[in-house]
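**Q** This is the structure I have questions about; it appears just below.
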Amino acid sequence: MEPEEWRTKATEARAEGDASEAIYLHRRDRAHHLLSIPINYDTNKLWEPADSDGWRSSSAPRSYWPPPPNESNGYLRVRCNGGLNQQRSAICNAVVAARIMNATLVLPELDTNSFWHDESGFAGIYDAEHFIGSLRYDIHIVQSLPDISVNGKRKKIRSFQIRPPRDAPLSWYTTIALKKMREHGSVYLTPFSHRLAEEIDDPELQRLRCRVGLVLQAMGFNNSARIYLAAGELFGGERFIKPFRAMFPHLENHSTVGPSEKLEGNARGLVGSAVDYMVSLLSDIFIPTYDGPSNFANNLMGHRLYYGFRTTIQPNRKALAPIFMDREKGRADGFEGRIRQVMFNSKFGGPHKRVHPESFYTNSWPECFCLMAPANPADKCPPHNILEILH
């Protein structure tokens, strides 16, 4: 039956009240339409960055951004709880909090006991000297709390501990937290995951966050593709991964990429997670396998966007599900064509408007991007040494 006849019959079915028949015919019509669209997509383009439309990443200030005053209001300590990517978000938030409070940030503490049992600490995961130096125009940072003299004896400043509310507004930091800091000289915010609202009206503070740190075979991938599986222990273990490995023998994870001595004893801890993150960040293509609130995937997509619009493919699982259901029922005709039709209409990591519930860390466009030749002067890229110029 031709598509026109299907549509006519579907209309008649609706008129007669046979909704199920109308829906079935509509789906057949839609499937026929998808299969009739030729797929001439050059799969070599998959390995190239997404189209940037002239945008490039830039977290540099666009307006006057004074350096931190010589005298701060006190010291800010935070304990970043959760997994590696929750901790990364918390570190960014701690820098923003220190800026608005005019506080000296003590190198953030990483929660290493409750889940990871990993004592690597901040300096074991990140380049602490680079962290301090790269943010010198934004906030003061110290490695640890300094000693003070009390009755002729030297001892550490004692921090007043506060539990911040979840997604606290800027005003909480500039009132409640700042008051305690001035009273005690130092405050300790713990736990510090999701303790600062993501949506902030000040674009300069959003840019400060960006300065801290941002179905394969049917698509045309062949068995020479190198695939890195960034995951912990898989549900079902090796038995479930065998068919996938048969299609793509160059399958790696952080235990098979030449593990260092440090990684061998800590493959499931923060170091293993950091290796997963860096390999995924630098890969030509990243495909998140989970649609839910995955901090790992969300942070990676945002970082890859900022890192030159590197290709990230987000499959439309609702559109893919009926295709696989048809295949299981023996209706496999046109399978690859239907898969490609869905996949090549997916997001590919180019600039796009942030829509709730998409996180700022997943998509920092347009605040942390600029145009070389903009129609709007506000979108123009600043000089690379803009911080030095402003100061």
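The values are calculated or read from the model by the stated rules, or taken from the named source; none is laboratory data. A quick note: this is a predicted structure, and the numbers were derived from the prediction, not measured. As a convention, Cβ positions derive from the backbone with ideal geometry for all residues, glycine included, and neighbour counts pool all protein chains shown. Quick note on the areas: whole protein, heavy atoms, side chains included, nothing else; ligands and nucleic acids left out. Shrake-Rupley method; radii C 1.70, N 1.55, O 1.52, S 1.80 Å.
**Q** Could you check Asn299 against (1) assigned to a loop (DSSP other than H, G, I, E, B); (2) within 22 Å of Leu282 (Cα to Cα) and say which number it fails?
**A** (1)
**Q** Taking Ala97 as the residue in question, decide whether it is open to solvent by less than 20 Å² (accessible area, probe 1.4 Å) and closer than 16 Å to Gly185 by Cα. Reasoning before the result, please.
**A** Values: open to solvent by less than 20 Å² (accessible area, probe 1.4 Å): yes; closer than 16 Å to Gly185 by Cα: yes.
Yes, satisfied.
**Q** Exactly one condition in (1) open to solvent by less than 40 Å² (accessible area, probe 1.4 Å); (2) modelled with pLDDT of 70 or more; (3) more than 21 Å from the chain's Cα centre (by Cα) is false for Tyr137; which is it?
**A** Tallying (1) open to solvent by less than 40 Å² (accessible area, probe 1.4 Å); (2) modelled with pLDDT of 70 or more; (3) more than 21 Å from the chain's Cα centre (by Cα), Tyr137 fails exactly one: (1).
**Q** Would you please list the contacts, defined by Cβ atoms under 7 Å and residues six or more apart or on different chains, that run from a residue in segment 306-320 that is open to solvent by less than 40 Å² (accessible area, probe 1.4 Å) to a residue that is of a type in the set (Lys, Arg) and part of a helix (DSSP H, G or I)?
**A** Pairs found: Thr312/Arg304.
**Q** Additional query: Give me a count of the residues in segment 170-208 that are open to solvent by 40 Å² or more (accessible area, probe 1.4 Å) and within 28 Å of the chain's Cα centre (by Cα).
**A** We begin by selecting, within segment 170-208, every residue open to solvent by 40 Å² or more (accessible area, probe 1.4 Å); these are 170-171, 174-176, 179-180, 182-184, 194, 198-199, 201-203.
Now drop any that are not within 28 Å of the chain's Cα centre (by Cα), which leaves 170-171, 174, 194, 198-199, 201-203.
The number of residues fulfilling the criteria is 9.
**Q** Which pairs do you get when a residue that is charged (D, E, K, R), found in segment 354-382, comes within reach of a residue that is surrounded by 15 or more Cβ atoms within 10 Å (Cβ to Cβ) and outside any loop (DSSP other than H, G, I, E, B), reach meaning Cβ atoms under 8 angstrom, with the pair 6+ apart or on two chains?
**A** Glu367/Pro203; Glu367/Gln206; Glu367/Arg207; Glu367/Cys210; Asp379/Cys370; Asp379/Leu371; Lys380/Cys370; Lys380/Leu371
**Q** Taking Pro288, is it open to solvent by less than 40 Å² (accessible area, probe 1.4 Å) and part of a loop (DSSP other than H, G, I, E, B)?
**A** Numbers: open to solvent by less than 40 Å² (accessible area, probe 1.4 Å): yes; part of a loop (DSSP other than H, G, I, E, B): yes.
Answer is yes for this residue.
**Q** For residues that are acidic (Asp, Glu) and closer than 28 Å to Ala60 by Cβ, scanning just segment 176-208, find the one that is modelled with the lowest pLDDT. If you could, list the steps in order and put the result at the bottom.
**A** Within segment 176-208, the subset acidic (Asp, Glu) is 183, 198-199, 201-202, 204.
Now drop any that are not closer than 28 Å to Ala60 by Cβ, which leaves 198-199, 201-202, 204.
Values: Glu198: 82, Glu199: 85, Asp201: 85, Asp202: 87, Glu204: 86.
Per the stated criteria, the residue is Glu198.
**Q** Please work out which one of (1) modelled with pLDDT of 85 or more; (2) under 17 Å from Pro203 (Cα atoms); (3) surrounded by 15 or more Cβ atoms within 10 Å (Cβ to Cβ) is the condition Ile386 fails and give its number.
**A** Against the list (1) modelled with pLDDT of 85 or more; (2) under 17 Å from Pro203 (Cα atoms); (3) surrounded by 15 or more Cβ atoms within 10 Å (Cβ to Cβ), Ile386 comes up short only on (1).
**Q** Say we look at segment 316-374 and pick out the residues that are part of a loop (DSSP other than H, G, I, E, B) and among the basic types (Lys, Arg); which of these is farthest from Asn44 (Cα to Cα)?
**A** Start the filter on segment 316-374 by keeping residues that are part of a loop (DSSP other than H, G, I, E, B), which leaves 316, 329-334, 344-346, 348-368, 372-374.
Keeping just the survivors that are among the basic types (Lys, Arg) gives 329, 331, 353-354.
Values: Lys329: 32, Arg331: 29, Lys353: 27, Arg354: 28 Å.
Among residues in segment 316-374 that are part of a loop (DSSP other than H, G, I, E, B) and among the basic types (Lys, Arg), the one farthest from Asn44 (Cα to Cα) is Lys329.
**Q** Right, another one. Being of a type in the set (D, E, K, R) and closer than 14 Å to Pro351 by Cβ is the filter here, so list the residues in segment 363-391 that pass it. Spell out how you get there, then give the answer.
**A** Step one: filter segment 363-391 for residues of a type in the set (D, E, K, R), giving 367, 379-380, 388.
Matches in segment 363-391: Glu367, Asp379.
**Q** For Tyr277, are the conditions met, namely being aromatic (Phe, Trp, Tyr), at pLDDT below 80, out of contact with any Gly (no Cβ under 7 Å at 6 or more places or on another chain) and closer than 30 Å to Cys80 by Cα?
**A** Working: aromatic (Phe, Trp, Tyr): yes; at pLDDT below 80: no; out of contact with any Gly (no Cβ under 7 Å at 6 or more places or on another chain): yes; closer than 30 Å to Cys80 by Cα: yes.
No, not satisfied.
**Q** For the condition of a type in the set (Lys, Arg), at pLDDT below 80, under 20 Å from Pro351 (Cα atoms) and open to solvent by 20 Å² or more (accessible area, probe 1.4 Å), what is the one hit in Arg211, Arg239?
**A** Numbers: Arg239 fails: under 20 Å from Pro351 (Cα atoms).
Going through Arg211, Arg239 in turn, the sole match is Arg211.
**Q** Looking at segment 55-69, which of the residues that are within 15 Å of Leu305 (Cβ to Cβ) and of a type outside the set (Ser, Thr, Tyr) is surrounded by the fewest Cβ atoms within 10 Å (Cβ to Cβ)?
**A** Filtering segment 55-69 for residues within 15 Å of Leu305 (Cβ to Cβ) gives 55-59.
The next check asks that each one be of a type outside the set (Ser, Thr, Tyr); those that pass are 55-56.
Working: Trp55: 20, Arg56: 13.
The qualifying residue surrounded by the fewest Cβ atoms within 10 Å (Cβ to Cβ) is Arg56.
**Q** Next question. Quick one: how many residues across segment 141-169 are at pLDDT 85 or above and open to solvent by 60 Å² or more (accessible area, probe 1.4 Å)? Steps first, please.
**A** Kept after step one, since they are at pLDDT 85 or above, are these residues of segment 141-169: 141-146, 158-169.
The next check asks that each one be open to solvent by 60 Å² or more (accessible area, probe 1.4 Å); those that pass are 143-144, 158, 160-161, 163, 166-167, 169.
Of the residues in segment 141-169, 9 are at pLDDT 85 or above and open to solvent by 60 Å² or more (accessible area, probe 1.4 Å).
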